[in-house]
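A.B. asks: Please find one structure pasted underneath; my questions will follow.
The values are calculated or read from the model by the stated rules, or taken from the named source; none is laboratory data. Model, not experiment: these values are computed from the prediction. Here the Cβ positions follow ideal geometry from the backbone for every residue, glycine too, while neighbour counts run over all protein chains shown. In case anyone asks, the SASA skips ligands and DNA or RNA and just uses the protein heavy atoms, side chains included. Shrake-Rupley method; radii C 1.70, N 1.55, O 1.52, S 1.80 Å.
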Amino acid sequence: PEGYDFQAIQDRWLPVWEELKPFEVGAEPSGRPRKYVLDMFPYPSGDLHMGHAEAFCFGDVLARYWRGRGYDVLHPIGWDSFGLPAENAAIKRGVDPREWTYANIAQQKASFRVYAPSFDWSRVLHTSDPEYYRWNQWLFLKLYEKGLAYRKASWVNWDPVDQTVLANEQVLPDGTSERSGAMVVKKKLTQWYFRITDYADRLLDDLDALEGKWPAKVLNMQRNWIGRSRGAEVEFEIEGREARVPVFTTRPDTLHGATFMVVAPDSDLAAELAAGASPEVRAQFQAYLEQTQKQSEIERQNADREKTGVFLDHFAVNPVNGERIPVWASDYVLADYGHGAIMAVPAHDQRDLDFALRFELPVRVVVEVRDADGEALPHPGESGVATAGDGVLVNSGELDGLSKAEAIPRAIEILEERGTGRAATTYRLRDWLISRQRYWGTPIPILHGPDGAMQAVSEDALPVELPASEGLDLKPKGSSPLGAATEWATVVDPATGEEWTRDPDTMDTFVDSSWYYLRFLSATDDTQAFDPELAKQWGPIDQYAGGVEHAILHLLYSRFITKVLHDLGYLDFEEPFTALLNQGMVLQDGAKMSKSKGNLVEFASELRAHGADALRVTLAFAGPPEDDIDWADVSVQGSAKFLARAWRVAGDVASEPGVSFAGGDAGLRKHTHQLLADVPGLIEAYKFNVVVARLMDQVNVTRKAIDAGCGAADPAVRESAETIAMILSLFAPYTAEDMWAKLGHEPTVALAVWPEADPSLLVEDEVTMVVQVDGKVRDRLTLPASVSAEDAEAAARASAAVQRSIGEREIVNVVVRVPKIVSIVTR
Ligand code: ANZ
């Protein structure tokens with residue numbers, strides 16, 4: 001007989017689908033319910049790899065599932081095609097980044113076509129197309145108008161090899177750049193920022209509504225990243241300085257224990273105080289500052305490092321007791337957290353204690369903390385261990401005797417009464433630095449004029465197109481290559497004849513991906529970024545799928561921009577992604593695959609060797625999608641065998657399409673309907689592996705029915721085979737399509753709406769119901785879980801054991817609590 005040949009099947013259906021375009025969602029509303037299912041769009045860094053294969057397999061299962069349930073599903077695809085990797089690769093090869101990028105996109109598109117995720121190909125976007133990034137510029141202008149985009153000078157992470165600023169999270173714990181491996185340094189630069197900190201509370205509070213719909217881990221990462229901290233702002237006078245210095249503390253109750261102050265070496269305050277100190281101190285400070293700037297923020301926050309610092313030759317005055325305390329500079333205080341300065345309470349903060357012990361500063365206990373047995377903990381100055389727990393205030397004037405929880409609000413009251421402090425909240429979240437000194441990105445639509453004047457490019461002059469790279473030196477050199485494109489950069493004001501220059505920086509590519517999901521709705525609209533009406537109809541995304549590497553930044557930025565667009569009146573929702581699936585990684589022998597490790601399983605060669613269906617089934621069957629998959633532990637051959645078995649079942653069906661299933665083999669029908677009943681819950685809980693296992697079981701049961709049961713002509717066999725084809729199409733679209741054709745149906749199975757499970761064919765869940773007579777258990781009955789109160793009472797009254805125990809007595813009351821208990825009271 002004809003064998004299962006995946007290549008022949010692929011070759012048969014690919015052209016049919018390309019002709020049919022079954023996944024294009026038209027402009028006209030169909031009246032059916034909608035789902036917007038989106039996979040995080042890829043970077044065109046080469047051909048697709050196994051990680052893509054996995055991610056796009058899972059996203060496609062969900063998109064195809066909702067179609068099977070009768071929904072109109074929007075499932076678009078595009079490319080996140082600006083960015084450093086492409087630019088660096090292009091420089092290395094001496095080609096135009098454009099050429100390199102679009103060649104990779106073409107290759108990925110070709111691979112996708114064979115892999116066959118159910119994309120709407122009519123909405124493809126590339127963020128590096130002027131038709132796309134024009135709207136990045138529009139978005140920038142909207143934020144600029146609102147005061148949410150601004151420029152400031154501050155210390156930034158600088159990669160001396162790539163010669164560009166880096167985000168904090170691109171700096172590894174050892175202080176090197178994640179990209180180039182170079183030691184990152186701090187540089188003071190004037191950069192563009194988006195004021196995401198204005199949205200910190202909403203970004204944090206709105207996470208609560210995503211509980212259970214996003215992975216708990218991602219919610220936690222977002223919460224920690226925003227890092228809201230409640231406490232107080234306390235103002236310290238510094239001798240010889242006019243303005244008081246604020247510090248942020250979570251423990252205003254410990255103010256009497258503040259025995260010194262520490263400022264960040266890289267803060268303006270430290271520079272100012274050092275400038276007013278002796279030449280020796282100034283020199284010491286300068287050396288210390290240089291040493292600090294070589295350290296990453298992560299290193300500086302490492303509590304285990306030996307404390308270092310410089311006395312700044314100044315004293316502050318503790319506002320609650322008038323005590324003179326020395327002011328030091330130390331790198332464990334960060335310049336851009338809180339106020340960049342702290343009140344140090346060594347008795348109750350370990351970092352402060354380590355510092356005090358190192359530099360012989362006083363340690364004063366102001367909270368007496370006891371252990372579980374009621375023993376007072378030893379003095380931190382002796383034990384070397386700060387006591388951070390709850391306790392009773394001592395040495396603290398009118399706070400004495402209060403607990404920590406009572407003393408915190410009281411201390412804030414006292415500060416407010418005296419005008420030296422107030423309640424305050426601080427966040428870890430910083431404003432989003434969006435400018436990059438690189439070529440391959442969206443030009444920032446700002447003009448710089450004489451005397452530092454700035455002017456936004458008018459909306460109708462967009463896009464500010466990236467000039468051709470020809471003749472430009474793209475090599476990283478610390479300033480944007482665009483600045484050297486003189487002709488492009490110079491703009492003459494026709495009114496005044498004045499020369500203005502374009503901002504030479506480009507935007508962080510996270511700007512591009514922060515709103516791309518909206519552009520898919522209006523991918524070819526050249527009058528607006530997206531149509532708010534379509535956003536209302538389709539948004540927010542019902543199901544988002546992608547890698548956990550985007551757990552913080554992309555998702556946070558996208559949430560931020562969505563809220564901004566909401567506030568500007570363009571959107572009627574405030575959260576972009578209603579549900580999120582993070583897939584695990586594809587590993588090889590327990591290690592992450594990479595070219596440098598030499599353990600790369602090539603997607604292209606796997607696809608060629610086994611076909612799309614066997615690959616997808618293998619990925620779906622390997623385990624829960626959130627878990628990592630070790631490619632050494634899976635069997636693609638096993639998947640291929642299963643597909644062949646399923647396919648042969650369809651080929652063996654001997655009844656006609658359209659035959660009534662009603663009279664079919666009852667046992668097989670029950671099996672089929674149980675599958676139909678269970679699959680929706682399993683898919684919606686992302687248990688794709690269980691669904692594949694259930695399909696394998698269904699294929700086996702049907703094979704038995706054909707060979708040794710009701711036989712191939714029984715309508716139940718057709719019903720089962722059609723059901724298999726429909727559900728299998730989520731994982732193996734080619735094989736399922738071929739089965740569907742063998743079963744006498746027109747393409748495409750992908751748009752066939754699944755039948756509802758027939759409840760009369762389902763095995764009912766059963767429960768045990770207790771029957772009591774006058775408080776004593778007299779019988780236990782097995783009844784359907786859905787039993788009605790009347791039926792339960794009737795069953796109880798009919799029980800022989802119950803009747804025996806009642807005997808001649810009269811029933812005066814019956815209490816029914818379905819399906820658990822019937823209680824009969826007699827007289
Ligand atoms: C006095 C104090 C006493 C503190 C005590 C803690 C315990 P979180 O929870 O992370 O917000 N701090 C403030 N600004 C800082 C900066 N720029 N760099 C480093 N540390 C800074 O931590 C807030 C606490 O971290 C603040 O409360 C401050 O130390 C320190 F028993 O003030 B605390």
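A.B. asks: Quick one: in segment 160-175, which of the residues that are in contact (Cβ under 8 Å) with a residue 40 or more places away in the chain and in a strand (DSSP E or B) is farthest from residue 473 (Cα to Cα)? Talk me through it step by step, then tell me what you get.
C.D. replies: Quick first cut of segment 160-175, residues in contact (Cβ under 8 Å) with a residue 40 or more places away in the chain only: 161-165, 167-169, 171-175.
Add one more test, that the residue is in a strand (DSSP E or B), and what stays is 164-165, 171.
Numbers: 164: 15, 165: 18, 171: 26 Å.
Only one residue fits best here, namely 171.
A.B. asks: Taking into account only those residues within segment 705-741 that are outside any loop (DSSP other than H, G, I, E, B) and of a type in the set (Gly, Ala, Ser), which is surrounded by the fewest Cβ atoms within 10 Å (Cβ to Cβ)?
C.D. replies: The initial filter retains those residues of segment 705-741 that are outside any loop (DSSP other than H, G, I, E, B), namely 705-708, 715-728, 733-741.
Those still in the list that are of a type in the set (Gly, Ala, Ser) too: 705, 708, 716, 720-721, 725, 736, 741.
Details: 705: 22, 708: 8, 716: 25, 720: 30, 721: 28, 725: 26, 736: 29, 741: 19.
Here the answer is 708.
A.B. asks: Hey, does segment 89-96 have a residue that's crowded, with 21+ Cβ neighbours inside 10 Å and either out of contact with any Cys (no Cβ under 9 Å at 6 or more places or on another chain) or assigned to a helix (DSSP H, G or I) (or both)? Explain how you work it out, then say what you get.
C.D. replies: Here is the first cut: in segment 89-96, the ones crowded, with 21+ Cβ neighbours inside 10 Å are none.
Checked against the condition, which is being crowded, with 21+ Cβ neighbours inside 10 Å and either out of contact with any Cys (no Cβ under 9 Å at 6 or more places or on another chain) or assigned to a helix (DSSP H, G or I) (or both), segment 89-96 yields no hits at all.
A.B. asks: Name the single residue, out of those in segment 259-273 being within 18 Å of residue 359 (Cα to Cα) and under 39 Å from the mean Cα position of the chain (by Cα), that is nearest to the ligand (Cβ to nearest atom).
C.D. replies: That would be 264.
A.B. asks: Given the structure, is residue 352 open to solvent by less than 70 Å² (accessible area, probe 1.4 Å), within 15 Å of the ligand (Cβ to nearest atom) and part of a helix (DSSP H, G or I)?
C.D. replies: Working: open to solvent by less than 70 Å² (accessible area, probe 1.4 Å): yes; within 15 Å of the ligand (Cβ to nearest atom): yes; part of a helix (DSSP H, G or I): yes.
So residue 352 passes the test.
A.B. asks: Within segment 231-258, take every residue that is within 43 Å of the chain's Cα centre (by Cα) and β-branched (Val, Ile, Thr) and give me the one that is farthest from the ligand (Cβ to nearest atom).
C.D. replies: 245
A.B. asks: Any idea how many residues of segment 290-337 are within 15 Å of the ligand (Cβ to nearest atom) and under 26 Å from residue 157 (Cα atoms)?
C.D. replies: Here the count works out to 24.
A.B. asks: Further question: Of the residues 51, 78, which is outside any loop (DSSP other than H, G, I, E, B), surrounded by fewer than 21 Cβ atoms within 10 Å (Cβ to Cβ) and under 21 Å from the mean Cα position of the chain (by Cα)?
C.D. replies: On the way: 78 fails: surrounded by fewer than 21 Cβ atoms within 10 Å (Cβ to Cβ).
Of the residues listed, the single one that is outside any loop (DSSP other than H, G, I, E, B), surrounded by fewer than 21 Cβ atoms within 10 Å (Cβ to Cβ) and under 21 Å from the mean Cα position of the chain (by Cα) is 51.
A.B. asks: So, in segment 775-796, of the ones that are among the charged types (D, E, K, R) and in contact with a helix residue (DSSP H, G or I) (Cβ under 6 Å, 6 or more places away or on another chain), which residue ends up least open to solvent (accessible area, probe 1.4 Å)?
C.D. replies: Keep residues of segment 775-796 that are among the charged types (D, E, K, R), which gives 776, 778-780, 790-791, 793.
From what is left, the residues that are in contact with a helix residue (DSSP H, G or I) (Cβ under 6 Å, 6 or more places away or on another chain) are 778-779.
Details: 778: 105, 779: 39 Å².
If we take residues in segment 775-796 being among the charged types (D, E, K, R) and in contact with a helix residue (DSSP H, G or I) (Cβ under 6 Å, 6 or more places away or on another chain), then 779 is least open to solvent (accessible area, probe 1.4 Å).
A.B. asks: Here is a check on your reading of the model: is residue 772 assigned to a helix (DSSP H, G or I) and either open to solvent by less than 20 Å² (accessible area, probe 1.4 Å) or out of contact with any Pro (no Cβ under 7 Å at 6 or more places or on another chain) (or both)?
C.D. replies: Numbers: assigned to a helix (DSSP H, G or I): no; either open to solvent by less than 20 Å² (accessible area, probe 1.4 Å) or out of contact with any Pro (no Cβ under 7 Å at 6 or more places or on another chain) (or both): yes.
Considered against the rule, which asks whether it is assigned to a helix (DSSP H, G or I) and either open to solvent by less than 20 Å² (accessible area, probe 1.4 Å) or out of contact with any Pro (no Cβ under 7 Å at 6 or more places or on another chain) (or both), residue 772 comes out as no.
A.B. asks: Within segment 355-374, which residues are more than 13 Å from the ligand (Cβ to nearest atom), charged (D, E, K, R) and in a loop (DSSP other than H, G, I, E, B)? Walk me through it before giving the result.
C.D. replies: First pass over segment 355-374, keeping only residues more than 13 Å from the ligand (Cβ to nearest atom): 357-362, 368, 370-374.
This time we only want the ones that are charged (D, E, K, R), so: 358, 360, 368, 370-371, 373.
Across segment 355-374, the qualifying residues are 360, 371, 373.
A.B. asks: Here is a further query. State whether one or more residues within segment 423-430 are more than 16 Å from the ligand (Cβ to nearest atom) and either more than 30 Å from residue 92 (Cα to Cα) or not hydroxyl-bearing (Ser, Thr, Tyr) (or both).
C.D. replies: Here is the first cut: in segment 423-430, the residues more than 16 Å from the ligand (Cβ to nearest atom) are none.
No, that holds for no residue.
A.B. asks: Scan segment 375-392 for residues that are in contact (Cβ under 8 Å) with a residue 24 or more places away in the chain and within 12 Å of the ligand (Cβ to nearest atom) and jot them down.
C.D. replies: 380, 386, 387, 388, 391 - these are the residues of segment 375-392 that are in contact (Cβ under 8 Å) with a residue 24 or more places away in the chain and within 12 Å of the ligand (Cβ to nearest atom).
A.B. asks: Given the criteria in contact (Cβ under 8 Å) with a residue 12 or more places away in the chain, closer than 30 Å to residue 308 by Cα and in contact with a Pro (Cβ under 6 Å, 6 or more places away or on another chain), does residue 353 qualify? Walk me through it before giving the result.
C.D. replies: Working: in contact (Cβ under 8 Å) with a residue 12 or more places away in the chain: yes; closer than 30 Å to residue 308 by Cα: yes; in contact with a Pro (Cβ under 6 Å, 6 or more places away or on another chain): yes.
So residue 353 passes the test.
A.B. asks: Right, next: When only residues in segment 586-624 that are part of a loop (DSSP other than H, G, I, E, B) and buried (at least 18 other Cβ atoms within 10 Å of the Cβ) count, which is modelled with the lowest pLDDT? Walk me through it before giving the result.
C.D. replies: Initially, segment 586-624 is screened for residues part of a loop (DSSP other than H, G, I, E, B), giving 589-590, 593-602, 622-624.
Next cut, buried (at least 18 other Cβ atoms within 10 Å of the Cβ) only: 593, 622.
Working: 593: 74, 622: 96.
Top of the filtered list is 593.
A.B. asks: Out of 393, 429, I need the residue that is within 22 Å of residue 335 (Cα to Cα) and crowded, with 18+ Cβ neighbours inside 10 Å. Which one? Let's see the steps before the verdict.
C.D. replies: Working: 393 fails: within 22 Å of residue 335 (Cα to Cα).
That would be 429, the only listed residue that is within 22 Å of residue 335 (Cα to Cα) and crowded, with 18+ Cβ neighbours inside 10 Å.
A.B. asks: Test residue 764 against the stated conditions and say whether it is open to solvent by 60 Å² or more (accessible area, probe 1.4 Å), free of Cβ contacts under 8 Å to residues at least 24 places away in the same chain and within 41 Å of the chain's Cα centre (by Cα).
C.D. replies: Working: open to solvent by 60 Å² or more (accessible area, probe 1.4 Å): yes; free of Cβ contacts under 8 Å to residues at least 24 places away in the same chain: yes; within 41 Å of the chain's Cα centre (by Cα): yes.
Against the criterion (open to solvent by 60 Å² or more (accessible area, probe 1.4 Å), free of Cβ contacts under 8 Å to residues at least 24 places away in the same chain and within 41 Å of the chain's Cα centre (by Cα)), residue 764 qualifies.
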